[in-house]
1. Would you look at the GNM of the chain, springs on alpha carbons closer than 10 Å, and say which of 54, 83, 19 moves the most?
2. Taking 8 Å as the Cα distance limit and 6 or more residues as the minimum spacing, I'd like the relative contact order of region 2-103 as a percentage.
3. Taking the inverse of the average 1/r across all pairs of different Cα atoms in region 2-103, what Kirkwood radius in Å do you get?
4. 7 Å from Cα along Cα→Cβ at both residue 90 and residue 28: what's the point-to-point distance in nm?
5. Hey, what D do you get for region 1-48 in µm²/s if you plug the Kirkwood alpha-carbon radius into Stokes-Einstein at 20 °C and 1.002 mPa s?
6. Name the shape class, rounded, prolate or oblate, that the alpha-carbon gyration tensor gives for region 45-104, where a ≥ b ≥ c are the square roots of its eigenvalues, rounded holds for a/c under 1.5, and otherwise prolate holds if a/b is larger than b/c and oblate otherwise.
7. Any idea how far the Cα center of region 17-46 sits from the one of region 57-104, in Å?
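What follows draws every value from the coordinates through simple rules; no lab data is involved. Note that the structure is predicted; figures quoted are calculated from it, not measured. Glycine also receives a Cβ, built like all others from the backbone with ideal geometry; neighbour counts cover every protein chain displayed.
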């Protein structure tokens with residue numbers, strides 16, 4: 001497991017679970033790199049709560065090494081199926097699909 005801050009994600013907004021979320025950039029890479037958890041704060045609604053967005057590796061065996069994250073570029077792609085976190089490093093691209101949310 002590795003905890004880090006990804007500046008590229010900080011401030012990005014996405015719509016999930018009927019709310020708009022702003023990513024803080026605080027990230028935890030878990031499960032041997034197969035799960036990336038991104039902290040977010042709710043921008044709409046009355047509670048304006050916080051949550052953890054859980055992105056799972058799109059392909060089995062294709063994941064980050066949490067022990068050696070190195071220099072990475074990160075961004076969110078949106079399509080009709082949902083949100084994908086793309087992490088790029090040294091010519092490789094890892095794709096993580098937003099599958100669930102955990103409210104704090």
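1. 19
2. 23
3. Averaging 1/r across every pair of different Cα atoms and inverting gives 13.7 Å.
4. The two pseudo-label positions are separated by 2.7 nm.
5. 188
6. Because a/c hits 1.5 or more and a/b exceeds b/c, region 45-104 counts as prolate.
7. 12
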